[in-house]
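One structure below.
The values are calculated or read from the model by the stated rules, or taken from the named source; none is laboratory data. Please read these numbers as outputs of a predicted model, since none were measured by experiment. A quick note on method: Cβ atoms are made from the backbone with ideal geometry, for glycine too, and the neighbour counts reach across all protein chains shown. In case anyone asks, the SASA skips ligands and DNA or RNA and just uses the protein heavy atoms, side chains included. Shrake-Rupley method; radii C 1.70, N 1.55, O 1.52, S 1.80 Å.
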Amino acid sequence: MIGLLIKIAFTVDWEVRFNTWCGRFVNRLISEVLSGAGFNAPHTAREKPFTASPILDFRGNVASRLVPGEPYNVRVSLICSEIDCSAVTSLFTRGELKLSDGEVIKVVSAEVDEVRLGMYEGGDYGVVVRWRVRFWPTSFIFRSHYVAWPSPARFFSSAGLTLARVLRDVDLLVGRGGESLVGVIGDVDLKGFVRDLVFNTEVLGMRVRRFVINLGRGRRLPVFSGVAEYVTYTDRPGLFRLLLDVANAYGVGKNRALGLGYVSVDVLEQHILR
């Protein structure tokens, strides 16, 4: 098992106003639930064995406060190579999640799914893929500079690093030209593939909003949200779709353990070039 997606619908009995980014509340909730199984997540965000969505209301918008009785949703994505998923899953699906200060989250429903990376067929042909991403607040970083727009280079770089991370020590078959490659990380030049995708991808259009969020303790982060549409040429369609799958499961960009970088990726059309 590569990972788990835990989708939690919940309500609260008290009003919560977020003076900072709501993902800090999510991060605290997940960390305290994991500690109940004896797992203390490292403080450094990039080392945590999970990513998360922000808190979303029933319209899919990021919540700026929690109103008693109103329904909200959050998703937790666990990396099972870094944490014992079987030992912690039940902690998220109980009727109540209690925080250390006595606050109680009332779980209305919890849905648990395995992370599934599709076994896509490849071939000795190229494809042109048109695809779309909805970004909730997201921030990329490149050479210590923040990138607050839907850069395809940063998207692929982030997804590639995550794919290598979740498939560490995992054998996976990726078909290509009738021949299977075993161990996608060990036998495939993933960095070279990402560079090739960047060169062969164009942004067809985007509707995004740039703004700054408050992470607390004087930390302010440039982010963007919105929708972008891309077109990509590749002769490795199976591996390309794996990158999209892992982005859907674990998000992209910076501070994903704080609820940033949550995305929804859809393939709109694909043409085979013989």
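Laid out as a table, the results:
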read-out: Any hit, region 139-157, residues being touching a Lys or Arg at 6+ places or on another chain (Cβ under 8 Å) and free of Cβ contacts under 8 Å to residues at least 60 places away in the same chain; value: yes
read-out: Search result, residues across region 13-43 that are touching a Lys or Arg at 6+ places or on another chain (Cβ under 7 Å), open to solvent by less than 60 Å² (accessible area, probe 1.4 Å) and not in a strand (DSSP E or B); value: 18, 41, 42
read-out: Yes/no for residue 130 being in contact with a Leu (Cβ under 6 Å, 6 or more places away or on another chain), modelled with pLDDT of 85 or more and surrounded by fewer than 20 Cβ atoms within 10 Å (Cβ to Cβ); value: yes
read-out: Any hit, region 54-75, residues being surrounded by 16 or more Cβ atoms within 10 Å (Cβ to Cβ), of a type in the set (Lys, Arg) and not assigned by the TED database to the domain that holds residue 224; value: yes
read-out: Set 208, 212, 267, 263: member being at pLDDT 95 or above, among the hydrophobic types (A, V, I, L, M, F, W, C), under 30 Å from residue 19 (Cβ atoms) and touching a helix residue (DSSP H, G or I) at 6+ places or on another chain (Cβ under 9 Å); value: 263
read-out: Members of region 61-93 found to be closer than 30 Å to residue 167 by Cβ and of a type in the set (Gly, Ala, Ser), listed by number; value: 77, 81, 86, 87, 90
read-out: Residue tally, condition in a helix (DSSP H, G or I) and open to solvent by less than 20 Å² (accessible area, probe 1.4 Å), over region 212-252; value: 11
